[in-house]
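The next block holds one structure in the form of structure tokens; read it before the comments.
The values are calculated or read from the model by the stated rules, or taken from the named source; none is laboratory data. Note that the structure is a prediction, hence the values are computed from the model and not measured. Here Cβ is always computed from backbone atoms with ideal geometry, including for glycine, and neighbour counts include all displayed protein chains.
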Amino acid sequence: MKNRILPLLLLSSSFGCFAEEFVASYEGFYDRLKVVKKGDFEFARVNFYLVEGESKQPCTIAEGNIVTEQASMSLHYTEKAQLMLPIDEKLDKDKAVVVVKPETATYCEIKIQIESAHFENQHLTKQKLYQLHTEFETLLSDLSGVFVGKLLSFMLPEQKGVTVEFANNVALSGEGVSCELNRCRFHVSDSWENDNTRFNVLSDLISVKPWIEK
């Protein structure tokens, strides 16, 4: 499988404003969510988190809304400050804005994160990691084509595989696998495509993200 050159900007980019409320156009969220919806992805997703500008820790949210000239609807979010935004063409056409009021932070910004959904310990096989790596690669490439442009591809970093975070420290070994504390990196190769070798880990899987070579 040929590695593609992909934009770090799309892996973790941000925008924000110095104000009590965070305000951003819904259009930017919608455009990215639409790319995911059009793709054939079992696991790969693009998610949005509200984080503090300096520490990059989750902002504690007091309330949030999606607002148009005609109406306002509640914005759903998680304890980790992930914004659960709908894919709604009407909101896009109505020029909706996302308004979030943090509890204490004076400056919050959006972190755009490519990561997995519904990927669990039972999926920790070489074949499934190959599938997820390929989905990440395709999604990042699709997003880069929309928001960066293929003419800049020679300047962008390379995806090497996937990074898996566990609830506790783990110790895995083997070709293409390296672990430090509770994080493991898997250097995915073409030979993994039909390989059902399982990685047995007792600690719960927390997240899986692309491994980008900076």
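A few remarks follow.
- Residue check, T125 farther than 12 Å from F22 by Cβ and hydroxyl-bearing (S, T, Y): yes
Residue-by-condition table, conditions (1) at pLDDT below 95; (2) surrounded by fewer than 20 Cβ atoms within 10 Å (Cβ to Cβ); (3) assigned by TED's automatic domain parsing to the domain that holds L139:
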| site | (1), (2), (3) |
| --- | --- |
| I5 | yes, yes, no |
| F15 | yes, yes, no |
| A44 | no, no, no |
| A62 | yes, yes, no |
| Q70 | yes, yes, no |
| E79 | yes, yes, no |
| C108 | yes, no, no |
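- Matching residues, the range 179-214, being among the basic types (K, R), within 23 Å of the chain's Cα centre (by Cα) and modelled with pLDDT under 95: K214
- Matching entry among E158, E115, E137 (being modelled with pLDDT of 95 or more, under 29 Å from C184 (Cβ atoms) and in contact with a Lys or Arg (Cβ under 8 Å, 6 or more places away or on another chain)): E115
- For the range 110-135, residues that are of a type in the set (A, V, I, L, M, F, W, C) and out of contact with any Ser or Thr (no Cβ under 7 Å at 6 or more places or on another chain) total 5.
- Yes/no for R32 being under 21 Å from D142 (Cα atoms), surrounded by 15 or more Cβ atoms within 10 Å (Cβ to Cβ), at pLDDT 95 or above and within 13 Å of the chain's Cα centre (by Cα): no
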